[in-house]
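Okay, so here's the structure we're looking at.
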Amino acid sequence: MHNATPHRQAYGVTPKSSDARRWWRDAVIYQVYVRSFLDSTGDGVGDLAGVRAGLPYLKKLGVDGVWLSPFYPSPQHDHGYDVADYLDVDPVFGDLAEFDQLTAAAHRIGVKVLLDIVPNHCSSEHPYFQEALAAGPGSPARSRFHFADGRGPDGSEPPNNWHAMFGGPAWSRVTEPDGSLGQWYLHMFTPEQPDWNWRDAGVTDYFDRVLRFWLDRGVDGFRIDVAAGLFKHPELPDSPDPQADARTRDSVNPLAWNQPEVHDVWRRWRTLCEEYTARDGRERLLVGEVSVPTAREHALYVRPDELHQAFFFDLLGAPWDADAFRKVISEAMQDIAGTGSTVTWVLNNHDQVRTVTRYGEPAPEGSGLGTARARAAALLMLALPGAAYIYQGEELGLPEVVDLPDDVLTDPIFRRTGSRARIRDGCRVPLPWSGQASPFGFTSEVEGAKLPWLPQPEWFAQYATDRALADTSSFWHLYRDGLQLRATLPQLGEGTLRWLEAPPGVLAFSRGDGLVCAVNFGPAPVAAPVPGTPLLASVTCPPGVLPGSTAAWWITDHPHV
């Protein structure tokens, strides 16, 4: 791995001025997948106490906040995204007292806490759904969900032809209280995750109570799962192209997603959050998982009275190509930043193949090329205007674990399709913290400690956190250096971007007064756009040269170069 070359004296620059009401606009948030972060009890599953123990590590890295994956009581059919109780903590992760301790500890060191809220669907074990099953057709309890009679003379066919995102039909038939086969219910993911019916006023009121419960406990905001979902076409008609809807979990069924009524929910939630802000001046953040076809549609979710931000996934999905990246960035800046919000950039998350592997494919665990490209992409993302989210392990340069045995896979996509093509276990393997063998410091060394819930490969040893901190050329130090500069240089974070002329295969842009970022997407070195040694680079850059698969930042008196 090549050495980065930061000019550390730049860290003495006076920190950027901050407005507590606008902290989120250029924040860097670290996504904690709780069950894979750090296990404090020895049961092989990460927990809230483990997150609390890891806060000093995250503070040292330099992030502004953490987003916690769901830790609510759940049968764990989709690892917490099937919520059985939105107002408590699953015992496997701790309890409410531990959550309060975690929030207080984070706030003491200036780290925000965001919760993952799941409003599109719940667990089939949620009391409301169990009540709906017992109450029977036509009951108020069933109106909270999408129950419908089947088609055909005996009602044995689903109400429509929709497919579930994780494979199979989007409907399951229930056995009625009298023992007969009866209605069907909608689940856009798995049968264990029935979709809420947001056209029922009781659902709206229920989630108001959920948000207030956690805001009253001091959280700084919410990451909203499936934020373009919630509302379905009121008539539940057939999809004109059901096979297209079934091809990928990221496809969008226009009858089930992105319905116009969903914007009323985000206006309501924004008003609720601003009620809390009015009390103490501390702005609460709503950031949505918004999967829609275009940046222009994405922008509708971040209008001034709706969500503060929404993840912009197009950068994550862009091929390693200068023109593709420029197109994605330009559209985001034009359509999303134009609303008055800021773009929320991501390169990794708990649902996607890690960048080191994605950029290095088809090599099994990524490659040197994948590593170089992922390092360059990290500096590119941190130089863009707006906010950025880092997925745990991204700062270690972790590749995807691609060879997990079938018998350990837990992803419901695998269970429902039998295919490994789109499974997500490989990016969720518990983090390596120290040592030469599993559990690599992930699991507490107590008598009877269990193995991590997903097996860690032997090669995780070279990515362990203790090694990363000791090696100044590591991925971790590249991220830490980038975050320190981002926190101090007034040119970075929120602001403008201006493209600069660059040779084919190279992106170059200026930020504010005198900072230039350039990325060489090609394999061969090119002349650097700025003379002299970079302020920070993803690999060693000789003066005047930008190597292949490399990004670098410069401070210059001539940002028009």
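Any read-out appearing in this document is the output of simple, stated calculations on the displayed coordinates, not a laboratory observation. As the structure is a computational prediction, the values presented were derived from the model and not from experiment. Note that each Cβ is placed from the backbone with ideal geometry, even for glycine, and that neighbours are counted across all protein chains shown.
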Practice item. Between residue 100 and residue 201, take the C-beta separation as r, use R0 = 30 Å, and let me know the FRET efficiency to the nearest 0.05. Key: 0.45
Exercise for review: Please label the shape of the range 459-561 as rounded, prolate or oblate, based on the square roots a ≥ b ≥ c of the eigenvalues of the alpha-carbon gyration tensor (a/c under 1.5 means rounded; beyond that, a/b larger than b/c means prolate, else oblate).
Suggested key: oblate
**Study point:** Anchor residue 327: aspartates and glutamates whose Cα lies under 20 Å away (excluding residues fewer than 8 positions away in-chain)
**Key:** 297, 314, 335, 494, 501
**Study point:** Proximal charge balance of residue 80 [Cβ under 11 Å; K/R count +1, D/E count -1]
**Key:** -4
Check your understanding: Going by the alpha-carbon gyration tensor, a ≥ b ≥ c the square roots of its eigenvalues, is the range 127-186 rounded (a/c under 1.5) or, if a/c is not under 1.5, prolate (a/b greater than b/c) versus oblate?
Key -> oblate
Point to revise | FRET E, pair residue 43, residue 296, Förster distance 56 Å, beta-carbon r, rounded to 0.05 | key: 0.75
Practice item. Could you compute the FRET efficiency for residue 88 and residue 176, with r as their C-beta to C-beta distance and R0 at 25 Å, rounded to 0.05? Key: 0.25
**Study point:** Using alpha-carbon coordinates, inclination of helix 368-383 to the longest axis of the chain, degrees
**Key:** 90 degrees
Revision key, fill the gap. Once phi for every residue in the range 189-198 is put through the Karplus expression 6.51 cos²θ - 1.76 cosθ + 1.60 (θ = phi - 60°), the whole-Hz ³J(HN,Hα) values, with Gly and Pro written as x, are 10, 10, x, 7, 10, x, 7, 5, 9, 6
Exercise for review: Describe numerically, in nm with one decimal, the distance between label points set 7 Å from Cα along Cα→Cβ at residue 540 and at residue 461.
Suggested key: 2.7 nm
Check your understanding: When the helix-only estimate is applied to the chain (DSSP H runs of n ≥ 4, each -39,500 (n - 2.57), divided by the residue count), what is the mean residue ellipticity at 222 nm, nearest 500 deg cm²/dmol?
Key -> -7500 deg cm²/dmol
Review point. If you count, for each residue, the other Cβ atoms within 10 Å and average over each peptide, how do 280-289, 78-87 line up from highest to lowest?
Key: 78-87, 280-289
Exercise for review: Could you sort 440-453, 379-392 so that the peptide with the highest average Cβ count within 10 Å comes first and the rest follow in order?
Suggested key: 379-392, 440-453
Review point. Quick one: helix 201-215 against the long Cα principal axis of the chain, what's the angle to the nearest 10°, folded into 0 to 90?
Key: 40 degrees
Check your understanding: So how strong a dipole does the chain carry about its Cα centre when Lys and Arg Cβ are +1 and Asp and Glu Cβ are -1, to the nearest 20 debye?
Key -> 1760 debye
